[in-house]
Structure formats: structure tokens, C-alpha cells
Amino acid sequence: MPTSQRSGAEAPEDDLAEHNDSPSSENENEAALTTRRANSRRKVATNSKVKSPAVASARPAAHPATPRPTVKSRVAKPLRSLVVLSMVGGLVATVALPAFATGGTVEAEPVTVQQMASEDAQSLVVASDVSGDDLARDSYSATTEEEIEEEKAKEAAAAAAAARARMTASVASVPVNVNMVSPGSGAVRWPITSFTKGRGLWDSGYHQGVDLLGSCGTPLYAAASGVVRVSQESFGGYGVAVTIDHVLNGQQVSTLYGHMTYGSRQVSSGQSVSAGQLIGLVGSTGSSTACHLHFEVHINGGVVDPWAWLQANAG
């Protein structure tokens, strides 16, 4: 068939044409690939040299350059060194000089006391021939508690003696007859003859007697016969006082005479006395503010009104 033969004869030509064209195209492709590679390498090289802002900011900043020393710092350093050297030198001098000074001894010339004391100076010059005195035990005051109490007792005794001396001197001017007796003839007598009645029984508080006011030095008498039980220079708040025990009409009677003058007592304890006998002088000793006789009466141990008792029995 003419068509088929033609086509069959053309076919190998086509195949051959296709086969012959392929090497040239491959060469073109390889050249283009080589060109592209070269361009890409140039771009990479260019990109590596020119960095983008983003990449530059992403990288850490480099360490700052060390600043160069200024003129001020260059001057301050030698000054500090100079100060340190000065301090070290001062310490060495402080330690070394005293040691050097004590190393040698300089003998000074002897100076008298008169030379040391100048005319205008305030000084004390003591002569060399002055000697100290030995201190005796009684040359200084007491220091222990016992010695203090002893000194107080001595002072109290001296004060009492002085008071007695003053009272005795005042009484000495009053003429006293120790043999005198109170007027009257009864078993009970008035203990004082010239007086003014003061406080009575229980007046102005706890008062167990009657106050018979009289001048200091006025004679006092025993209210009845009896035996002296108390005769003391200090009998509590009564001061100088005397108490006498009596037996009257079968009853135990006791009389008390208080605030008498120091040193005026004429009787002693255990002494028997008779009614109206002188026993002392009016005074103001003990708890007293004025010259008077504090007179008390106790019958069978009980307190009675002395003013009423005297008015009923004295005569």
C-alpha cells in the first residue's frame, strides 16, 4: 500500500531526528543550569556581605570598647599613693619615736621644793621635817552599828543630865524644908496645897487622873501613909514619878504622882512614908507641856476619880 509504506519509511526519520536533537538541548540545559548556579553563588556572596537589619538586631551586641583613662584619673592615682605613703610614714613615726625616747635616760638636775613653787603658782609646800601623828582609836567617829548605838545612848544621857541640871538650878531658888508636911491631921491629905484644877478623869481622851496646875518647884506630899513602890527619873510618859501603896479602911489603895522635877525626888522604892510627907517638887517632865502634878488613885486595881476621892477624904 503506498500510504503505509511511506509512513513506515518516515518513521525512522522522525525517530532519528528526535535522537539527534537531544544532545544539543541537553547542552543548552547544562549551560543554563551552570549560569543559574553561578548567579545563585554570587547572590549568596552578596547577601553574606550585606546583612539585613533584622539579622543585625538579632545578634548580641559586641562588648563596649575599654575607655581610655582620663586626665583626672591619671592625676588621682599618684595622689592616692602619696596619701598612703604619708599614713604609713606617720604610723612608723608614732611607734618608733616613743620607743626611741624611752631608750635613753636623761638625768635631770635635782630641784628643791622651793624652786618648784613659783611666786604666782598655787601650790602647797610641805616642809621635810613635818612628821605624821599616830591616830588613836578615839580620834575618829564610830562606824559599826554597836558603836553608833553607844554614841546615841551617851548623847541621850548627856541631854538628860543637862536637863536635870537646868531644872535643879531653877528649883534651887525655891526654899524647901524637907521636914515639912502637908497641912491637915486626917489619914488622907492633899498632895499639893496651892494649885488650879485642870483636866479631870477621862477628859480629852484616855486620862486616868486629875491635873493640878502649880508652879514648877511647888512641894508635893504623900496623900497617905504607905510604902513607896516606884521612884524613877523616867517612868514612861509620867516622866519623874513616884507611886505609893496604902491600906485604907481595909482597901488596897495606890496613888501616883507624875511629871515631877528632875532630881527632886525625896523618897526611894521600898521606903515607908507617912501622910503629908514631902516626896518631891512639881515639874513638867515626860509627856507634859506645863508645870503641874498628874495625880491618880487606884482602889483594888480599879481606876477611881481622884478629884472626888480627895474631896471626900482629904482633911
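Viscosity 1.306 mPa s, temperature 10 °C: Stokes-Einstein D of the range 196-313 from its Kirkwood Cα radius, in µm² per second?
113
Show the residues, 5+ positions off or on another chain, whose built amide H is closer than 5 Å to the amide H of Gly280.
Leu220, Gln266
Quick one: Arg199, Arg265, fewest Cβ neighbours within 10 Å first, how do they rank? Before the final figure, lay out each step's value.
Values: Arg199 16, Arg265 20.
Least to most surrounded, the residues fall as Arg199, Arg265.
Step through the residues of the range 222-234 one at a time and calculate ³J(HN,Hα) from phi using the Karplus curve (6.51 cos²θ - 1.76 cosθ + 1.60, θ = phi - 60°), rounding each to whole Hz and writing x for Gly and Pro.
Result, ordered by residue: 6, 6, 7, 6, x, 10, 6, 9, 10, 8, 9, 6, 9 Hz.
Once you list every other residue whose beta carbon is under 12 Å from the beta carbon of Thr255, what net charge do they have if Lys and Arg are +1 and Asp and Glu are -1?
Numbers: positive: Arg189, Arg229; negative: Asp245, Glu296.
Spelling it out: positives minus negatives among the neighbours equals 0.
Val230: net charge of surrounding residues, Cβ under 15 Å, Lys/Arg +1, Asp/Glu -1, itself excluded? Before the final figure, lay out the partial values.
Details: positive: Arg229, Arg265; negative: Glu233, Asp245, Glu296.
Neighbour charge sum, excluding Val230 itself: -1.
Full extension from Thr143 to Asp305: what is 0.36 nm times the residue separation minus their Cα-Cα distance, to one decimal in nm? Let's see the in-between values first.
Working: separation 162, 0.36 × 162 = 58.32 nm, distance 5.20 nm.
Separation in residues times 0.36 nm, less the Cα-Cα distance, equals 53.1 nm.
Would you mind counting up the charge near Val303? Only other residues with Cβ under 14 Å from its Cβ, with Lys and Arg at +1 and Asp and Glu at -1.
Values: positive: none; negative: Asp203, Glu296, Asp305.
The answer is -3.
What are the residues whose amide H is under 5 Å from the amide H of His246, where those residues sit 5 or more places off or on another chain and H is modelled from the backbone?
Val253, Ser254, Thr255
No lab work stands behind these numbers, since they all come straight from the coordinates. Since we're looking at a predicted model, the values are computed, not measured. In this analysis, Cβ positions are derived from the backbone assuming ideal geometry, glycine residues included, and neighbour counts consider all displayed protein chains.
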